[in-house]
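Beneath this line is the structure, given in structure tokens, with notes to follow.
Derivation of every value follows stated rules applied to the coordinates shown; laboratory data play no part. Being a predicted model, the structure only gives us computed values, none of them experimental. Cβ coordinates were reconstructed from backbone atoms using ideal geometry, including for glycine residues, and neighbour counts include every protein chain displayed.
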């Protein structure tokens, strides 16, 4: 079994985008960044991925500086390279260039001691789509609440 420890998730992404497909990729980090990430001091909000020079880069991913290693700390929101093989990169390039699609990271986690990013190919939701998602979520909550109430009376 693989040992997975989730560090941070981009919860807004599922509200803002339709998730079409996702892919697991490695994350290239420097020493103090790994320590800070293990402490859970990271934020995926407003981050996105881009393809430049046939490489995939993670932008605006904020990792807080690791305080015991002050002299080695880097810019907290610097570009970080995502590690993928050529076939996966070509697939991402093709899908990301389609109109309306973007590359959005969903979560960052450690899998068997290695930092990984779940990167998704996503399409932005329109306002009416967001409203429909909220309505559906609230309806499901009401159904769950009614079912719990019904179960409680039977016991």
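Table for the structure above
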quantity	calculated
Residues of the stretch 28-37 classified as in a helix (DSSP H, G or I) and surrounded by 15 or more Cβ atoms within 10 Å (Cβ to Cβ), total	6
Hits in the stretch 93-107 (condition: assigned to a strand (DSSP E or B) and either more than 10 Å from the chain's Cα centre (by Cα) or surrounded by fewer than 16 Cβ atoms within 10 Å (Cβ to Cβ) (or both))	101, 102
Conditions (1) surrounded by fewer than 13 Cβ atoms within 10 Å (Cβ to Cβ); (2) in contact (Cβ under 8 Å) with a residue 12 or more places away in the chain; number of the one not met by residue 127	(2)
